[in-house]
Amino acid sequence: MYESLSLYIDGEFIQGGGRTEQDVFDPATGSSLGRLPHATRADLDRALAAAQRAFETWKHVSPMEKSRILRKVAELSRERAQEIGRNITLDQGKPLAEAVGEVLRCADHCDWHAEECRRIYGRVIPARMPNVRQMVLREPVGVCAAFTPWNFPFNQAIRKIAAAVGAGCTIVIKGPEDTPSAVVAIARMFHEAGLPPGVLNLVWGVPPEVSKHLIESPIVRKVSFTGSVPVGKMLAAMAGAHMKRITMELGGHSPAIVCDDADIDRAADMLSTLKFTNAGQVCVSPNRIYVQEKAYDRFMARFIEATRKIKVGSGLEADTKMGPLAHERRLPAMAEFIEDATARGARIETGGARIGERGNFWAPTILSNVAVDSKVMTLEPFGPIAPVVPFKSLDEAITRANSLPYGLASYAFTHSTRNALQIQNGIESGMVNINHFGHGLPESPFGGVKDSGIGSEGGSETFDGYLVTKFISQMD
Ligand code: NAD
């Protein structure tokens, strides 16, 4: 795979040709895995032209054929999950079982889009006159530009590609340069499944240069981005200046509320598993854990015990539960969160530092006595740090949970129906999980409110961002 890192433009896999290249590193060892070619400006223009040309035919292709291709990609993803997963572990760092699981779950996403794209219905509006027929059609928006991140490289890319392709759009996608293998594998599968040239194009480069070029092109009609809030706001502003539609799946700072009537041990075990999945580099990671005072000591003891058992190591080792951070720039970011929190009085209950000097390993970290204005409580840590804060009343916990501008996911543990209702009604977030973690399925919408984004991916909402509405009124 690492010899075949390439661009994919107009149905052609492209490498070399004197293009600028960058190294792709293994975050567990720091060694280079291969070289990734950057698109030239001419490559970007060729990708845009190919997507524009392909749109003229792809938009008329039957939903049955689109469905067939998406199903074929689902089948290939299942067949190749081990190989693709191994490459994700190599360039991203997550444990192999998580990487393979990501690919298999995405096969389900492809199947879901294959089914739903056959049900993009319009409607008939009863007319005021007998000789008039009024209809609403839903048409593909056109050429899309998409930008996907490095934490779930397969998942984030395939959600956008499946939605665009299923809706009848064409797409130019810039994948994550740090973790490119998954997106190249996706392009290969669509190619082998018979997707016509130009419908999907894959480019790499310097992110701000590529995004500016693509978003400002008059060919592009829609922009989809998954990544940080500041970058999302910048790209949304650029898209707005050119009146282009957007889907923004941005960061979160998810609260988890543990009420004292909950099964405390279960909550502690589940939150420890979820928090340290993918080394905390997850937009829906539980980043602020609020525990009701009466249950605080018991929760803390169990949470620390469960977290200390997490085996950190190379994702390729069978017993590893948490791999390295995906990029070395995340190490100083973690150190800064810890320094800031401890300077404001936080106590490190476990972890708190880098492990070793080779690879980007950071110990799973729990903080107590954390000041509410600490950076770790207000900025997305995007790493394995869990601050735990006690609360008295549920009103207080909900107010604190809503106190940040983020609104992606939230979690709560309670056996009280009254508490559960108060949480469902009171929490400002796109996804609320009570007593389990249930979001992220193909059939459920995934997306945030407030600064966490605009639009949903998955669910029956999945094509909304890729379609425009056309009203037809006809008189005989
Ligand atoms: P970053 O803000 O530099 O980059 C985040 C992502 O955006 C990367 O994939 C990057 O390639 C891309 N990006 C950056 N500038 C861009 C531009 N001008 N145009 C197009 N794409 C651009 O930060 P980072 O160090 O890579 O990641 C850390 C932060 O990113 C985290 O704090 C987290 O908030 C965010 N992040 C969020 C998600 C998510 O799933 N929502 C995923 C990855 C990273």
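The values are calculated or read from the model by the stated rules, or taken from the named source; none is laboratory data. A quick note: this is a predicted structure, and the numbers were derived from the prediction, not measured. With ideal geometry, Cβ positions are generated from the backbone for all residues, glycine too; neighbour counts draw on all protein chains shown. Surface accessibility is based on the protein's heavy atoms, side chains included, excluding ligands, DNA and RNA. Shrake-Rupley method; radii C 1.70, N 1.55, O 1.52, S 1.80 Å.
A few points about this structure:
- Principal semi-axes in Å for segment 404-455 [√(5λ), Cα gyration tensor, largest first]: 20, 14, 8
- With each label modelled as a point 7 angstrom along the Cα→C-beta vector, the His191-Val468 pair spans 3.2 nm.
- Counting Lys and Arg as +1 and Asp and Glu as -1 over every other residue whose Cβ lies under 11 Å from the Cβ of Val370, the net charge comes to +1.
- D by Stokes-Einstein for segment 278-346, Kirkwood Rh over Cα pairs, 10 °C, 1.306 mPa s: 110 µm²/s.
- Structural descriptor for segment 254-441: relative contact order 27 percent, calculated from alpha carbon pairs under 8 angstrom and at least 6 residues apart.
- Between Ala42 and Arg80, residue separation times 0.36 nm minus the direct Cα-Cα distance comes to 10.4 nm.
- For the chain, the Kirkwood hydrodynamic radius from C-alpha pairs, put into Stokes-Einstein at 20 °C and a viscosity of 1.002 mPa s, yields a diffusion coefficient of 92 µm² per second.
- Accessible area in square angstrom per residue, the chain, 1.4 angstrom probe: 40 Å²
- Measuring only protein heavy atoms, the 1.4 Å probe finds Ser403 accessible over about 80 Å².
- Rel. contact order, % - alpha carbon contacts under 8 angstrom, at least six apart, the chain: 18 percent
- Sorted into 5 angstrom bins from 0, the C-alpha pair distances of segment 164-296 split as 2, 8, 14, 15, 15, 12, 10, 8, 7, 6, 3, 1, 0 percent.
- Here Arg266 and His242 are evaluated by their C-beta separation; at R0 = 56 Å the FRET efficiency comes out at 0.70.
- Accessible heavy-atom area order of Asp10, Asp91, highest first, probe of 1.4 Å: Asp10, Asp91
- Rounded to the nearest 20, the Cβ-based charge dipole of segment 254-441 about its Cα centre (Lys and Arg +1, Asp and Glu -1) stands at 220 debye.
- Between segment 429-476 and segment 1-75, the alpha-carbon center distance in angstrom: 26 Å
- Net length available on complete extension from Thr417 to Leu441 is 6.2 nm, with 0.36 nm assigned per residue and the Cα-Cα distance removed.
- Once the C-beta distance of His60 and Phe13 is scaled by a Förster radius of 30 Å, the resulting FRET efficiency is 0.70 to the nearest 0.05.
- Scanning residues 5 or more positions from Thr20 or on other chains, those with amide H under 5 Å from its amide H are His38, with H placed 1.01 Å from N in the peptide plane.
- The simple spin-label model puts a point 7 Å past each Cα toward its Cβ; for Leu331 and Asp23 those points are separated by 1.4 nm.
- If the convex hull is drawn through the Cα atoms of segment 1-154, its volume per residue in Å³: 151 Å³
- Helix 41-58 axis, angle to the chain major axis (alpha carbon atoms, nearest 10°): 60 degrees
- Pairs of Cα atoms farther than 32 Å apart, segment 254-441, %: 10 percent
- Between segment 283-316 and segment 136-214, the Cα center-to-center distance that results, in Å: 36 Å
- Applying the criteria of a DSSP loop state and at most 11 other Cβ atoms within 10 Å to the chymotrypsin sites (Phe, Trp or Tyr not before Pro) of segment 105-214 yields Tyr121.
- Ranking Met129, Ala114, Leu90 by Cα position along the charge dipole of segment 89-138, where only Lys, Arg, Asp and Glu carry charges on their C-beta atoms, puts Met129 farthest toward the positive end.
- In terms of distances greater than 30 angstrom between alpha carbons, the cross-link table entries Lys294/Lys375; Lys59/Lys94; Lys375/Lys450; Lys321/Lys392 yield Lys59/Lys94; Lys321/Lys392.
- Selected from Val376, Ile257, Thr273, residue furthest toward positive end of dipole (segment 254-441; charges at beta carbon): Thr273
- Dividing the summed helix terms, -39500 (n - 2.57) for each DSSP H run of n ≥ 4, by the number of residues in the chain produces a 222 nm estimate of -12500 deg cm²/dmol to the nearest 500.
- As an equivalent ellipsoid, segment 324-425 spans semi-axes of 29, 15, 13 angstrom, where each value is the square root of five times an eigenvalue of the C-alpha gyration tensor, largest first.
- Size of charge dipole - segment 87-161 - debye, nearest 20, with Cβ of Lys, Arg +1 and Asp, Glu -1, no other charges: 620 debye
- With an a/c value of 1.5 or above and a/b larger than b/c for the gyration tensor axes a ≥ b ≥ c computed over the alpha-carbon atoms, segment 83-122 is described as prolate.
- Cα shape, segment 146-241, gyration tensor, a/c 1.5 rule: oblate
- Long-range HN-HN contacts of Ile246 with modeled amide H, under 5 Å: Val223
- Counting only Cβ charges, +1 for Lys and Arg and -1 for Asp and Glu, the dipole size of the chain around its Cα centre is about 940 debye.
- Carbon and sulfur %, accessible surface of the chain computed with the full protein complex present, 1.4 Å: 52 percent
- The peptide list 437-443, 16-22, 456-462, 321-327, put in order of mean Cβ contacts within 10 Å with the highest first, becomes 321-327, 456-462, 437-443, 16-22.
- Look at the Cα gyration tensor of segment 1-69: its axes a ≥ b ≥ c give a/c of at least 1.5 with a/b at or below b/c, and that counts as oblate.
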